[in-house]
Amino acid sequence: MFGNVPFVRGRMTSLLAFGLCLLQLSSSFTVHCGYTRSSSARYSSMDDDAPSDVEMPEASPRSSAGSGESKTSTVVEMCDANIPPEVTESKSKLLQLCASYDRGYGATPNARAQVQALVDKLTEYNPTDFAAQGINGDILLTGAKGSGPSDPPLKGIWRMVWTTALDVLNLGANPISTPAAIYQQIEPPVATNIIDFIPRAQSLLPSQLLPSSILRAEVKTRACERKNMPNRVGLVFESVKLVPLELLGVSMSNLPPLGFDLPKLPSAFGVGDGTDGPGYFDVLYLDDDLLIIKQNEPGGIFVSIKVDDCDP
């Protein structure tokens with residue numbers, strides 16, 4: 001289709017070269033970053049004080065608890081009756097800070113300290129005591145009182161609104177490109193980290209002067225439970241893929257992605273099958289619309305909200 005348009009064809013070649021540069025710049029993220037309740041109450045979504053540029057999805061019933069040892073597990077329904085006001089207030093303040101300081105990319109030391117204090121407070125009220133339930137993808141979860149199938153607590157699409165992880169913050173230092181939306185799509189047992197890159201000039205100029213160009217990087221990992229650690233999720237990195245989505249406002253859906261599988265290292269290197277090794281994250285807080293995790297290496301907190309899709 002684009003073979004008769006030399007200008008676009010040349011831009012497509014430049015895009016692929018640009019993608020290889022991005023892959024090198026984001027190598028630390030692909031190696032390290034795997035986005036990585038107990039109480040009886042499910043906490044609510046944000047109140048009306050939430051900033052307008054942080055979109056909160058409608059909450060849907062979520063539940064947790066149960067055992068991952070059998071092929072069928074029952075989750076316990078949470079209720080909204082006893083939501084501590086501290087939770088609603090803390091979530092509101094947290095998302096306001098996330099929006100005001102550009103997901104952590106423009107955070108001051110004081111802002112980071114405020115966010116950390118709110119994360120610590122929410123961790124105390126974490127309503128999910130078995131966040132890793134069903135993450136292996138081999139257990140059928142059923143709702144309380146046999147109400148039918150239920151999704152694993154972590155399943156869904158989560159959009160990052162804050163991080164302190166240096167490997168992700170460093171992506172914003174690239175003079176050529178800048179990260180747009182960052183997601184984690186969890187479909188047990190697969191967890192895919194998604195970063196949309198745009199030219200830095202695109203974030204500064206009106207769309208009339210510079211139409212949209214988007215390059216998507218996807219890092220596929222396989223998730224699993226960790227023994228006796230109900231809120232820890234082990235990770236094994238499997239593949240990396242670069243997907244051009246748009247070039248100067250033109251869809252690149254006909255252009256094949258560029259990707260490769262990551263080598264499977266033996267357990268002697270300390271990687272293992274995900275049930276051990278350094279690749280994991282701990283869930284600090286999880287409810288129907290907010291996820292806070294802490295990754296092992298190279299460290300850092302991630303705050304994410306649940307969204308319906310990861311369309312750019």
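Summary of values
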| item | result |
| --- | --- |
| Expected-Rg normalisation [2.2 N^0.38 Å, Cα atoms] applied to the range 163-229 | 1.44 |
| Computed over the range 96-255, the ratio Rg/Rh where both radii use C-alpha atoms and Rh is Kirkwood | 1.03 |
| Projected label distance in nm at GLN208 and GLU86, using a 7 Å step from Cα toward the beta-carbon | 5.2 nm |
| Listed pairs LYS155/LYS306; LYS91/LYS306; LYS227/LYS306; LYS93/LYS155; LYS121/LYS220; LYS264/LYS294 exceeding 20 Å between Cα atoms | LYS227/LYS306; LYS93/LYS155; LYS121/LYS220; LYS264/LYS294 |
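Bear in mind these aren't lab numbers, they're just calculated from the coordinates by the rules spelled out. This structure is a prediction, so every number in the text was calculated from the model and none was measured. Using ideal geometry, Cβ is built from the backbone for each residue, glycine included, and neighbour counts are taken over all protein chains shown.
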